[in-house]
Structure formats: C-alpha cells, structure tokens
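Reading through the structure tokens given below for one structure.
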Ligand SMILES: O=C([C@H](O)CO)[C@H](O)[C@H](O)COP(=O)(O)O
C-alpha cells in the first residue's frame, strides 16, 4: 500500500515547501486540480524538477480530449494523470493509449459516478492503471466518505490498482486500511496539521505495515 499527498490550496512555492517537509514519508505527490487551474502545468514541471525521485500525479480530472491532455501533462513531467470515470469510454481509451506511448499511468477518478460497481467493471476493462473512489470537497461538506465505495469496487476490479481519496485523516486511516486499497490519498489530513512531518510519518507507518 502506498501514500499520496494531495496539494490543493497552495501556490507553487508553498507546494514545494510542503513536499520538502514530508518527502521521505510519501510515495506520490499530487498537484491538485485547484493548483493546476491557478498555476497551470508549470506546477507539475517545477515539482518534478525539484523532487525527481517522487512520482508526480497531475489531477487534471480530464473529461474530454483524453489523448491530447495526457500528452500535455506527460510533457510537463507527470507520471500519473487523472481522468473522470463519468467521461465517455472514448476519452478514457484515448488517455490510456497516449499514456502507454509516453510510459505514464492513468488514474480514473470515480467522483459522482452513480452505479459505482458497474462503471468500475467497465473502466477496469479499458486498461487503466488505478481506479480511485473519491468524496470531493462538496461531498465531504455534506458528510460523505467513500469507504463503502472502496469495498464495492474491490469486489469487481481485477486488473487496476484501487485508490481512495477524500477527507482521510490519521483517525480514519485504520478504517480505510481495513478495506485494503493499493493507494491512500491524503490532502488536508496532512497539510492542515500543525506537525505535517510527524503526521505523514505516522500515516506512512500505518500504510506500510498494512
Ligand atoms: O481531488 C481533490 C479535490 O477534488 C480537490 O481538488 C483532493 O485532492 C482530494 O479530495 C484529497 O484531498 P483531501 O480531501 O483534503 O484529503
């Protein structure tokens, strides 16, 4: 099991400073959607240049033009790029095809997918690398989490790795780990803490021993 740090509410210098604090305790650093909107793919490029040994995920949440957008994120240095599960199969196929050419990985974000089990089965057959259940900020504000969705996709996904994101904290991590995802994604659960390094270290310990 691996740990991904999601950076959403920061600019590029703040993002680099945060990663410098916790780099030894994470496997993947995510340039979050709000950062890409504010700073562009330059944020991905600068992060990869500053931390070449970390995998960088570009959370583009692609909805159309899968091949083209994966190509641009790859050129910026992204190792993993996100596509939305609600997008058309042709978009996901285009993203997967381009990622294979560039030796990159595709993560499908299942945010807002209604029949999660059925769609996870379909997406798994398209050859993606990760399928991620996700309660976004708006869902979190309504008290939702994705723990049950993780159990649901684990029943049907045979090829892709599974991931979970959305409001995960040190206190809820043991419950998440019980469902055995391949990747746990944490944003505010680390970035919102006083001692970010200690929190990331503790999370890494739990994730590694799972
Ligand atoms: O993808 C995310 C969200 O949609 C904002 O872009 C976050 O990176 C994801 O939810 C993880 O962050 P936390 O919920 O703060 O753990």
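Here, each number is a calculation from the coordinates, and none is a lab measurement. Fair warning: this is a prediction, and the values are worked out from it, not measured in the lab. Cβ placement follows ideal geometry from the backbone for every residue including glycine, while neighbour counts extend to all protein chains displayed.
On the given criteria, is residue 99 in a helix (DSSP H, G or I), buried (at least 20 other Cβ atoms within 10 Å of the Cβ) and within 16 Å of the ligand (Cβ to nearest atom)? I'd like the intermediate steps shown before the answer.
Working: in a helix (DSSP H, G or I): yes; buried (at least 20 other Cβ atoms within 10 Å of the Cβ): yes; within 16 Å of the ligand (Cβ to nearest atom): no.
Here the answer is no, as residue 99 does not meet what is asked.
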Take the residues in segment 143-160 that are within 16 Å of the ligand (Cβ to nearest atom) and under 16 Å from the mean Cα position of the chain (by Cα); name whichever of them is surrounded by the most Cβ atoms within 10 Å (Cβ to Cβ).
146
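Looking only at residues that are more than 12 Å from the chain's Cα centre (by Cα) and closer than 20 Å to residue 176 by Cβ in segment 113-134, which one is surrounded by the fewest Cβ atoms within 10 Å (Cβ to Cβ)? Show your work before the answer.
We begin by selecting, within segment 113-134, every residue more than 12 Å from the chain's Cα centre (by Cα); these are 113-128.
From what's left, closer than 20 Å to residue 176 by Cβ: 113, 116-117, 120.
Working: 113: 21, 116: 19, 117: 13, 120: 25.
Across segment 113-134, the extreme among qualifying residues is 117.
Table: residues versus (1) within 15 Å of the ligand (Cβ to nearest atom); (2) closer than 22 Å to residue 189 by Cβ; (3) touching a strand residue (DSSP E or B) at 6+ places or on another chain (Cβ under 7 Å).
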site	(1), (2), (3)
6	yes, yes, yes
10	yes, yes, no
19	yes, yes, yes
24	no, yes, no
47	yes, yes, yes
58	yes, yes, yes
81	yes, no, yes
90	no, no, no
106	no, no, yes
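Go over the candidates 111, 37 one by one and state the one that is out of contact with any helix residue (DSSP H, G or I) (no Cβ under 7 Å at 6 or more places or on another chain), part of a loop (DSSP other than H, G, I, E, B) and within 14 Å of the ligand (Cβ to nearest atom).
Numbers: 37 fails: part of a loop (DSSP other than H, G, I, E, B).
Result of the check over 111, 37: 111.
In this structure, does residue 29 turn out to be touching a residue at least 12 places away in the same chain (Cβ under 8 Å), part of a strand (DSSP E or B), within 12 Å of the ligand (Cβ to nearest atom) and under 28 Å from residue 173 (Cβ atoms)? Quick ask: steps written out before the conclusion?
Numbers: touching a residue at least 12 places away in the same chain (Cβ under 8 Å): yes; part of a strand (DSSP E or B): yes; within 12 Å of the ligand (Cβ to nearest atom): yes; under 28 Å from residue 173 (Cβ atoms): yes.
Considered against the rule, which asks whether it is touching a residue at least 12 places away in the same chain (Cβ under 8 Å), part of a strand (DSSP E or B), within 12 Å of the ligand (Cβ to nearest atom) and under 28 Å from residue 173 (Cβ atoms), residue 29 comes out as yes.
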All but one of (1) surrounded by 20 or more Cβ atoms within 10 Å (Cβ to Cβ); (2) more than 12 Å from the ligand (Cβ to nearest atom) hold for residue 63, so report the exception by its number.
(1)
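For segment 171-192, which positions are under 24 Å from residue 33 (Cβ atoms) and surrounded by fewer than 18 Cβ atoms within 10 Å (Cβ to Cβ)?
Looking only at segment 171-192, we keep the residues that are under 24 Å from residue 33 (Cβ atoms), and these are 172-173, 176, 181-192.
Of everything in segment 171-192, those that are under 24 Å from residue 33 (Cβ atoms) and surrounded by fewer than 18 Cβ atoms within 10 Å (Cβ to Cβ) turn out to be 172, 182, 188, 192.
Would you mind finding the one in 209, 140 that is within 12 Å of the ligand (Cβ to nearest atom) and free of Cβ contacts under 8 Å to residues at least 60 places away in the same chain?
Working: 209 fails: within 12 Å of the ligand (Cβ to nearest atom).
Answer to the selection: 140.
Please pick out the residue among 131, 168 that is within 11 Å of the ligand (Cβ to nearest atom), closer than 22 Å to residue 57 by Cα and touching a helix residue (DSSP H, G or I) at 6+ places or on another chain (Cβ under 8 Å). Before the answer, list the steps.
On the way: 131 fails: within 11 Å of the ligand (Cβ to nearest atom).
Matching residue, one of 131, 168: 168.
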